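Engineer: Below you will find the structure I want to go over with you.
The values are calculated or read from the model by the stated rules, or taken from the named source; none is laboratory data. Just so we're clear, the structure is a prediction, and the values are computed from it rather than from any experiment. Methodologically, a virtual Cβ is constructed for each residue, glycine included, from the backbone with ideal geometry; neighbour enumeration extends over all protein chains shown.
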Amino acid sequence: MKLSLKTIALGAVVASMAVAAPIEKRETNASRITACFIGLVFTGAWPGSCQAAVAVNMGLIQSIAINQMTMDFTPADPWAPTTSSDSVVATMLSIPGLTLPITSIRQHIILIDNGVQIGNIETPWADASVSGSTLTTSFPTSTLGVFSDAHTAFSSFVGSISTKAEHPLTLRGSVDAKLNLGLLGTRTIPGIGFEAVVPMTGLNNLDPIEYKYLIDTNFDSPGFIYLTTIINIVNPSHLTLKLGDVAFDTAAASGRVGVSTIKDLALVPGDNYVMSATGLDMSLPASTDFLTNLSSADGVLTLTGFEGTSSDVALNAGLGAMTSKLVVPQNFEGSVMSQSPFKDWSLKTLPSTNTDRKVEITATFQSPYYGFPLEMVHATEPGMENFASVNNVSPTANSMRLFLFEDTLTYSVSGTGTVTVTFTATLGSLASSSKARWEEVIAYGSANGYVPVDFSWIANVIVNNDGISRYVDWNNFSTGLGDVNIAVGSDFASILNAFP
């Protein structure tokens, strides 16, 4: 803290006046607070009249802004969610020539919504800094204790935050502040009062929800078709929310079709890619209508909160008021993976290739599912034919099977990582009738260093570690990936030795 000699001299004079004269005689509470803190900084004095001056609700702290807030509704006690913030900014009374040397604060907060005290937060000490009249701080994870007589009011507050673009919340209470007074040591000033109306940006029904990609369609449950979809929920607020499992009643144009469920829903400000499972109840006429109409037009699903939206009774009453729309594209077209599930393919022959048709394939794999981790369970299964067929080589060679997948490919990869795997596969037919086509393919590979292929591939995978085996379509055309080039070397030509 750097002050000019004039400022120090003036401060000392004012401070001595503040300490010597009864502080109640000063014209306003603001001037009393100013004199108190100048006296504190330059003399270390803090009389009882100063403590009384700062205890009022509109004293030192003039306004509060919460730029980020985290709320976790998953604790066992629904009326004791936890909360934290990494950015709380308070505008304080301006004291000309003086920046208060506050180093940390502890907060005692009462939350008031529509005039009702709904709960309180007691925070630990947290670092703070002051620039001019602006105090910046945060608070670590703390319990928001909902008052026993305010359960309905708290649920109403959650409903307002869920459905509105903005909602005012009143914060009342006090802070304890530690000040570094240099040679005068460290001083703790307790009970600095405040009351401020804080505009909270709300979720605004999280509407609309953006359809991204259909992972799989499951028919295992009699009477139901389950669509597992990646959707993007855009959170327009500054709130980071951990909500647990949630469900929404789902309806199409002609009526109710079922329920959409999201496991362990957590939302950060901005984009949130989540997996949603919509169970279409095929006993409902609207479900059949929805699937039939989807072949000729986009389908609009309306997701609405209901009494079973959340098992958390405090949260459920609030989320139950939400309504949002999801547009499913016609025939699920236009939806895309976040990235290709694979890249950098190569093929090498083995000493036994010309007798057992086994080759070595190396490729790099990554999750195409918007950051969700992926596990390959079965690259192929009995009764399936998953293969790579030649494409764009010649009219006669095209569609020839270059290799067939075996169930030798397994891997796990994080949502953002890659993994390179080497596995065995089986070459396509080496019957004498296919020799001419192999000659064309090998000639192309020798000239270009690769062979372009299309995959016909239904893989069995687990997404997001949920333990559910899903059959996913990794066909080039259905995924919009285009040709895949399989790199080949000089050994590729040795395949011709398998022919007489």
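Engineer: Of all strands (runs of 3 or more DSSP E) completely enclosed by the stretch 371-410, which ones contain at least 1 residues that are in the same structural domain as Trp438 (by TED's automatic domain parsing) and under 15 Å from Arg357 (Cβ atoms)?
Structural biologist: Correct list: 387-390, 401-405.
Engineer: Provide a single number: the residues in the stretch 411-432 that are modelled with pLDDT of 95 or more and outside any loop (DSSP other than H, G, I, E, B).
Structural biologist: Number satisfying all stated conditions: 13.
Engineer: How many residues are of a type in the set (Phe, Trp, Tyr) and either closer than 29 Å to Met200 by Cβ or not assigned by TED's automatic domain parsing to the domain that holds Glu307 (or both) if we restrict to the stretch 218-271?
Structural biologist: Initially, the stretch 218-271 is screened for residues of a type in the set (Phe, Trp, Tyr), giving 219, 224, 226, 248.
With either closer than 29 Å to Met200 by Cβ or not assigned by TED's automatic domain parsing to the domain that holds Glu307 (or both) added as a condition, the list becomes 248.
Matching residues across the stretch 218-271 total 1.
Engineer: Scan (1) touching a helix residue (DSSP H, G or I) at 6+ places or on another chain (Cβ under 9 Å); (2) surrounded by 18 or more Cβ atoms within 10 Å (Cβ to Cβ) for the single condition His151 breaks and write down its number.
Structural biologist: His151 satisfies every listed condition except (2).
Engineer: Restricting to the stretch 214-226, and then to whatever is surrounded by fewer than 20 Cβ atoms within 10 Å (Cβ to Cβ) and assigned to a strand (DSSP E or B), can you tell me which residue is farthest from the chain's Cα centre (by Cα)?
Structural biologist: Applying the first criterion (surrounded by fewer than 20 Cβ atoms within 10 Å (Cβ to Cβ)) to the stretch 214-226 yields 214, 216-226.
This time we only want the ones that are assigned to a strand (DSSP E or B), so: 214, 216-218, 224-226.
Values: Leu214: 19, Asp216: 22, Thr217: 24, Asn218: 26, Phe224: 29, Ile225: 27, Tyr226: 23 Å.
Ranking the qualifying residues of the stretch 214-226, first place goes to Phe224.
Engineer: For the stretch 106-124, which residues satisfy the criterion of being out of contact with any helix residue (DSSP H, G or I) (no Cβ under 7 Å at 6 or more places or on another chain) and surrounded by 15 or more Cβ atoms within 10 Å (Cβ to Cβ)?
Structural biologist: Arg106, Gln107, His108, Ile109, Ile110, Leu111, Ile112, Gln117, Asn120, Ile121, Thr123
Engineer: Identify the single condition in (1) touching a Phe, Trp or Tyr at 6+ places or on another chain (Cβ under 7 Å); (2) surrounded by 19 or more Cβ atoms within 10 Å (Cβ to Cβ); (3) outside the structural domain of Asn316 (by TED's automatic domain parsing) that Ile161 does not satisfy, given that it satisfies every other one.
Structural biologist: (1)
Engineer: Based on this model, can you work out whether Gly97 counts as surrounded by fewer than 19 Cβ atoms within 10 Å (Cβ to Cβ), in the same structural domain as Ile189 (by TED's automatic domain parsing) and at positive phi?
Structural biologist: Values: surrounded by fewer than 19 Cβ atoms within 10 Å (Cβ to Cβ): yes; in the same structural domain as Ile189 (by TED's automatic domain parsing): yes; at positive phi: yes.
Here the answer is yes, as Gly97 does meet what is asked.
Engineer: Examine the stretch 175-197 for a residue that is over 30 Å from Pro47 (Cα atoms) and part of a helix (DSSP H, G or I), and state whether such a residue exists.
Structural biologist: No: zero hits.
Engineer: Run down Leu203, Leu243 and say which single residue is surrounded by 15 or more Cβ atoms within 10 Å (Cβ to Cβ) and closer than 30 Å to Gln62 by Cα. First the steps, then the outcome.
Structural biologist: Details: Leu243 fails: closer than 30 Å to Gln62 by Cα.
Matching residue, one of Leu203, Leu243: Leu203.
Here's the yes/no breakdown for (1) closer than 16 Å to Met69 by Cα; (2) among the aliphatic types (A, V, I, L, M):
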{"site": "Val88", "(1), (2)": "yes, yes"}
{"site": "Met92", "(1), (2)": "no, yes"}
{"site": "Leu98", "(1), (2)": "no, yes"}
{"site": "Ile105", "(1), (2)": "no, yes"}
{"site": "Ile112", "(1), (2)": "no, yes"}
{"site": "Ala126", "(1), (2)": "yes, yes"}
{"site": "Ser156", "(1), (2)": "no, no"}
{"site": "Lys164", "(1), (2)": "no, no"}
{"site": "His167", "(1), (2)": "yes, no"}
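Engineer: Right, something else. Within the stretch 6-14, does at least one residue satisfy the condition of being out of contact with any Gly (no Cβ under 7 Å at 6 or more places or on another chain), modelled with pLDDT of 50 or more and surrounded by 16 or more Cβ atoms within 10 Å (Cβ to Cβ)?
Structural biologist: no
Engineer: Of all residues in the stretch 266-299, which are without any contact (Cβ under 8 Å) to a residue 24 or more places away in the chain and crowded, with 20+ Cβ neighbours inside 10 Å? So that I can check it myself, show each step before the final result.
Structural biologist: Restricting attention to the stretch 266-299, the residues satisfying the condition of being without any contact (Cβ under 8 Å) to a residue 24 or more places away in the chain are 288, 292.
Passing the criteria: none in range.
Engineer: Another question about this same structure. Is it true that Asn460 is in contact (Cβ under 8 Å) with a residue 40 or more places away in the chain, over 39 Å from the mean Cα position of the chain (by Cα) and surrounded by 15 or more Cβ atoms within 10 Å (Cβ to Cβ)?
Structural biologist: Values: in contact (Cβ under 8 Å) with a residue 40 or more places away in the chain: yes; over 39 Å from the mean Cα position of the chain (by Cα): no; surrounded by 15 or more Cβ atoms within 10 Å (Cβ to Cβ): yes.
The answer is no for Asn460.
Engineer: Looking only at the stretch 388-407, which residues are exposed (fewer than 15 other Cβ atoms within 10 Å of the Cβ) and polar (S, T, N, Q)? Write out each step before concluding.
Structural biologist: Start the filter on the stretch 388-407 by keeping residues that are exposed (fewer than 15 other Cβ atoms within 10 Å of the Cβ), which leaves 392, 394-396, 399.
Within the stretch 388-407, Asn392, Ser394, Thr396, Ser399 qualify.
Engineer: Related question: Can you find a residue that is touching a Gly at 6+ places or on another chain (Cβ under 6 Å) and closer than 26 Å to Ile38 by Cα anywhere in the stretch 106-128?
Structural biologist: To start, the set of residues in the stretch 106-128 that are touching a Gly at 6+ places or on another chain (Cβ under 6 Å) comprises 108-111, 119-120.
Adding the requirement that they be closer than 26 Å to Ile38 by Cα leaves 108.
Taking every residue of the stretch 106-128 in turn, at least one turns out to be touching a Gly at 6+ places or on another chain (Cβ under 6 Å) and closer than 26 Å to Ile38 by Cα.
Engineer: Has the stretch 330-344 got at least one residue that is in contact with an Asp or Glu (Cβ under 8 Å, 6 or more places away or on another chain) and more than 26 Å from Ser490 (Cα to Cα)? If you could, list the steps in order and put the result at the bottom.
Structural biologist: Of the stretch 330-344, the ones in contact with an Asp or Glu (Cβ under 8 Å, 6 or more places away or on another chain) are 330.
Narrowing the set further to residues that are more than 26 Å from Ser490 (Cα to Cα) leaves 330.
Yes; the residues of the stretch 330-344 include at least one that is in contact with an Asp or Glu (Cβ under 8 Å, 6 or more places away or on another chain) and more than 26 Å from Ser490 (Cα to Cα).
Engineer: From Lys178, Lys164, grab the single residue that is out of contact with any Lys or Arg (no Cβ under 6 Å at 6 or more places or on another chain), under 25 Å from Phe248 (Cα atoms) and of a type in the set (Lys, Arg).
Structural biologist: Values: Lys178 fails: under 25 Å from Phe248 (Cα atoms).
Answer to the selection: Lys164.
Engineer: I'd like to verify a number: residues in the stretch 421-457 that are crowded, with 16+ Cβ neighbours inside 10 Å and of a type in the set (Asp, Glu), how many?
Structural biologist: Qualifying residue count, the stretch 421-457: 2.
Engineer: Also, quick follow-up: Sort out which residues of the stretch 246-260 are surrounded by fewer than 18 Cβ atoms within 10 Å (Cβ to Cβ) and among the polar types (S, T, N, Q), and write them in order of number. Can you show your working first?
Structural biologist: Applying the first criterion (surrounded by fewer than 18 Cβ atoms within 10 Å (Cβ to Cβ)) to the stretch 246-260 yields 253-256.
The answer is Ser254, and nothing else.
Engineer: Select from the stretch 442-500 the residues that are under 16 Å from Thr410 (Cα atoms) and not in a loop (DSSP other than H, G, I, E, B) and list them in ascending order.
Structural biologist: Ile458, Ala459, Asn460, Val461, Ile462, Val463, Ser469, Arg470, Tyr471, Val472 - these are the residues of the stretch 442-500 that are under 16 Å from Thr410 (Cα atoms) and not in a loop (DSSP other than H, G, I, E, B).
Engineer: Where in the stretch 267-367 are the helices (runs of 4 or more DSSP H), entirely inside, with at least 1 residues that are within 21 Å of the chain's Cα centre (by Cα) and of a type in the set (A, V, I, L, M)?
Structural biologist: Working: elements: 285-293, 313-319, 353-356.
So the answer is 313-319.
Engineer: Being under 24 Å from the mean Cα position of the chain (by Cα) and within 22 Å of Tyr471 (Cα to Cα), is that true of even one residue in the stretch 384-397? Spell out the reasoning first.
Structural biologist: To start, the set of residues in the stretch 384-397 that are under 24 Å from the mean Cα position of the chain (by Cα) comprises none.
No, the stretch 384-397 contains no residue that is under 24 Å from the mean Cα position of the chain (by Cα) and within 22 Å of Tyr471 (Cα to Cα).
Engineer: Continuing with the same structure: Scan the stretch 302-321 and give yes if some residue there is touching a Lys or Arg at 6+ places or on another chain (Cβ under 9 Å) and under 24 Å from Asn205 (Cα atoms), otherwise no.
Structural biologist: So the first thing to find is which residues in the stretch 302-321 are touching a Lys or Arg at 6+ places or on another chain (Cβ under 9 Å), and the list is 302-303.
This time we only want the ones that are under 24 Å from Asn205 (Cα atoms), so: 302-303.
Looking through the stretch 302-321, at least one residue is touching a Lys or Arg at 6+ places or on another chain (Cβ under 9 Å) and under 24 Å from Asn205 (Cα atoms).
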